[in-house]
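Data first, discussion second: the structure below is written as structure tokens.
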Amino acid sequence: MSAILDLARTRPVLFDGAIGTELMKRGFPQGSCPELSNLEYGDLVRAVHGDYFAAGSDAVTTNSLGGSRIKLDAAGLAGRCRELNRAAAEHVAAVRPAGGFVAGSVGATGAFLKPEGEYTEKDFEESYAEQIAGLAEGGSDLVIIETMFDLRETLCALAASRRAAPQLPVFVTMTYNKTPRGFFTMMGDRLADCVAALERGGAEVIGANCTLMSADMIELAAALRAATRRPILIQPNAGQPKVDAEGRLSYAQTAEEFAADMVRIEAAGVRFLGGCCGTTPETIRCLARALGRA
């Protein structure tokens with residue numbers, strides 16, 4: 001069994017928050033390929049990861065959300081897929097304290113499977129396998145397939161992880177919209193159907209991230225808890241985004257408000273907690289205090 005799963009049996013385990021916005025705050029050019037910063041702005045990447053560990057994160061995700069070969073092809077970087085992902089994991093490993101974990105981040109390709117798109121399941125699985133192999137080479141302790149909105153694509157990533165890094169536990173978080181009929185992904189996948197398919201695929205931890213703010217995630221966490229006995233990971237946004245005149249995003253929810261909601265989510269039986277868009281090292285620090293970790 002993985003050490004991070006063992007740890008969750010003794011206390012709540014904290015993940016980190018947003019990475020891209022933190023990089024831009026520190027000088028990474030807006031609009032550039034985030035994964036390229038692993039080679040060109042390594043000091044900034046390590047500083048962000050280090051700040052999250054210092055804030056109380058047990059597991060910090062690699063800067064590789066868009067690191068699949070298919071996604072990188074849009075930036076002309078497909079040929080550097082393995083290199084970029086290996087570097088992403090190495091940056092987290094370089095700053096993790098004793099007992100810290102490197103979470104290899106895998107996100108959507110940005111493309112679609114047939115008949116909506118041009119790709120087959122085999123295409124997606126091969127693309128993800130190359131990415132995950134790089135993350136494993138760089139020292140990842142687990143794979144986190146996150147911000148996924150298409151169950152078919154998610155299962156391709158899960159199969160790729162089982163093939164490319166069978167020794168690593170896999171966490172999977174889908175992104176859901178709240179509707180009068182319950183929680184559904186953008187592609188119309190029902191929460192209960194996602195959970196059942198991910199269990200069959202062998203995901204050790206199942207959860208949700210992005211799109212919803214923490215208040216909505218309280219209800220979603222309850223729905224997940226009713227649908228599965230697997231450990232759950234929840235990573236909400238810090239409220240709804242606002243765009244200023246210069247095109248900069250901001251999130252209105254305070255760290256204290258976020259932490260208060262997350263305490264309720266933890267009380268509902270969620271063992272893995274963290275943040276998504278709009279969350280910062282201060283958000284995680286406040287959450288750690290709220291959970292008695294300070």
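Structure values in brief
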quantity: Cα-only Debye scattering, the stretch 139-294: base-10 log of I(q)/I(0) at q = 0.13 Å⁻¹; calculated: -0.60
quantity: Separation between Cα centres of the stretch 190-208 and the stretch 73-129, rounded to whole Å; calculated: 20 Å
quantity: Alpha-carbon radius of gyration plus Dmax, which is the widest Cα pair, for the chain in Å; calculated: 17.4, 51
quantity: Cross-link pairs K25/K242; K114/K242; K71/K178 - those with Cα-Cα distance over 24 Å; calculated: K114/K242; K71/K178
quantity: Net charge dipole size for the chain [Lys, Arg +1 and Asp, Glu -1 on Cβ; Debye, nearest 20]; calculated: 640 debye
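FYI, it's all coordinate maths here, none of it is from the lab. Since this is a predicted model, take the numbers as computed values, not measurements. Glycine also receives a Cβ, built like all others from the backbone with ideal geometry; neighbour counts cover every protein chain displayed.
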